[in-house]
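Read-outs throughout are calculated quantities, based only on the coordinates presented, and are distinct from any laboratory measurement. As the structure is a computational prediction, the values presented were derived from the model and not from experiment. Reconstructed Cβ throughout: ideal geometry from the backbone, glycine too, with neighbour counts over all protein chains shown.
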Amino acid sequence: MAKLRGVLFDYGHTLVWFPNFERTHLTAARNAQRILKRLGVTAEVSRIRTLVESFAHPKYGSVPNAEEEFREVFSALGVRRYGQEDLMEIVQQYWKPYVWNVRARRGAHELLTSLKNMKFKTAIVANVWSGGMNPALQRLDLERFFDTTIASVNVGFQKPDPRIFQLALDRLELAAEDVIMVGDNPKADIKPAHDIGMATVRLLRGPNRMEPDVVIPDFKINNLSALASVTNASCQ
């Protein structure tokens, strides 16, 4: 492995985790449900979750921004009369639980401090909306460690699309062989990073920990603290 100069991180289930992920999903949908009811539409929580997921992570085409996503939800549920303030409120209220119910992975601060002291460039590449991620990073005192953060909803494409990884490399001004990708998802994180020439580290935590490898990662770790041995070795 070449000498590393940068580290890309996945966000959810890698840098951060949710003590009760299912409850967070339910709270987000119920928040949206209350606003929809005020707008004259009754919708089951399960229906709201399905719609948001389908529009947030389309199988084909570009990823809509947060407002476009909920315009699609409104249209699908028959909401015809609403204002811009209603749209912004449902976006904010839907994402609120993801900001407040999230926790930093154990060892994250110590690892990121070490990477910064060693002059590594760092970035986050995430399938998420920046309005749901960046406030959480600020609250957890993690944002200051990153040179850039890339959220799929804001850039219009999502992992495993190689463009989102290349965008991170471009912003860091590094080549793929100089960077290692750390993530928990073998399909969205590990394979696409491997395919464009990055070294990879799979974190065996969270809901994807039992998923089979698609490609063999360069390293497997059980906690973020173990990444230090990888980055330290690359500097010797």
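Could you give each residue of region 131-138 its phi-based ³J(HN,Hα) in whole Hz, using Karplus coefficients 6.51, -1.76, 1.60 with θ = phi - 60°, and x for Gly or Pro?
Once rounded to whole Hz, the list reads x, x, 9, 4, x, 5, 4, 5.
Would you mind calculating the gained length between residue 195 and residue 173 on full extension (0.36 nm times residue separation, minus the Cα-Cα distance), in nm to one decimal?
Fully extending the segment from residue 195 to residue 173 adds 6.0 nm.
Using a cut-off of under 16 Å, list every residue of region 107-123 whose amide N is near the label point 7 Å from the Cα of residue 3 along the Cα-to-beta-carbon line.
118-121
Cβ neighbours within 10 Å, averaged per peptide: list 132-138, 226-232, 162-168, 79-85 in order, most packed at the top.
132-138, 162-168, 226-232, 79-85
Give me a comma-separated list of calculated 3J(HN,Hα) values for region 170-176, in order, Karplus coefficients 6.51, -1.76, 1.60 applied at θ = phi - 60°, integers in Hz, x for any Gly or Pro.
5, 5, 7, 6, 10, 8, 4
When only C-alpha pairs under 8 Å and at least 6 residues apart count, what is the relative contact order of region 126-182, in percent?
Normalised by residue count, the contact order of region 126-182 is 33 percent.
Quick one: how many lysine pairs does the chain have with C-alpha atoms less than 16 Å apart and a gap of 8 or more or different chains? Give me the count, please.
Step by step, the pairs that qualify in the chain add up to 9.
Before anything else, pin down the relative contact order of region 21-100: Cα pairs under 8 Å, at least 6 apart, normalised by residue count, whole percent.
Over region 21-100, the number comes to 41 percent.
With +1 assigned to the C-beta of every Lys and Arg and -1 to the C-beta of every Asp and Glu, and no other charges, what is the dipole magnitude of the chain about the Cα centre in debye, to the nearest 20? Mind dumping the intermediate values first?
On the way: 31 positive and 26 negative charges, 128 e Å.
I would put it at about 620 debye.
Can you tell which of 199, 108, 151 shows the greatest fluctuation in a Gaussian network model of the chain with Cα springs below 10 Å?
Ranking 199, 108, 151 by mean-square fluctuation puts 108 first.
How large is the dipole of region 84-150 about the Cα centre if only Lys and Arg carry +1 and Asp and Glu carry -1, each at its Cβ, rounded to the nearest 20 debye?
500
What do you get for trypsin sites (Lys or Arg not before Pro) in region 1-72 restricted to DSSP loop and a cutoff of at most 15 other Cβ within 10 Å of the site's Cβ?
Numbers: sites: 3, 5, 23, 30, 34, 37, 38, 47, 49, 59, 71; in loops: 3, 5, 59.
Filter output for region 1-72: 3, 59.
Using r as the Cβ-Cβ distance of residue 100 and residue 62, and R0 as 25 Å, what FRET efficiency do you calculate, to the nearest 0.05?
0.30
DSSP loop GluC sites (Glu not before Pro) in region 1-55 with at most 13 other Cβ atoms within 10 Å of their Cβ, which ones?
Numbers: sites: 22, 44, 53; in loops: 44.
Here the sparse-neighbourhood loop sites are 44.
Using a 7 Å offset from Cα along Cα-Cβ at residue 220, what residues in region 163-205 end up with backbone N under 19 Å from the label point?
In region 163-205, the label zone of residue 220 (backbone N under 19 Å from the point 7 Å along Cα→Cβ) covers 181-195, 199-205.
Out of 70, 219, 146, any idea which swings most in a Gaussian network model of the chain, alpha carbons joined below 10 Å?
219
With angles folded into 0 to 90 degrees, how steeply does helix 108-117 sit against the dominant principal axis of the chain? Use alpha carbons for both and round to 10.
Between the helix axis and the principal axis of the chain, the angle is about 50 degrees.
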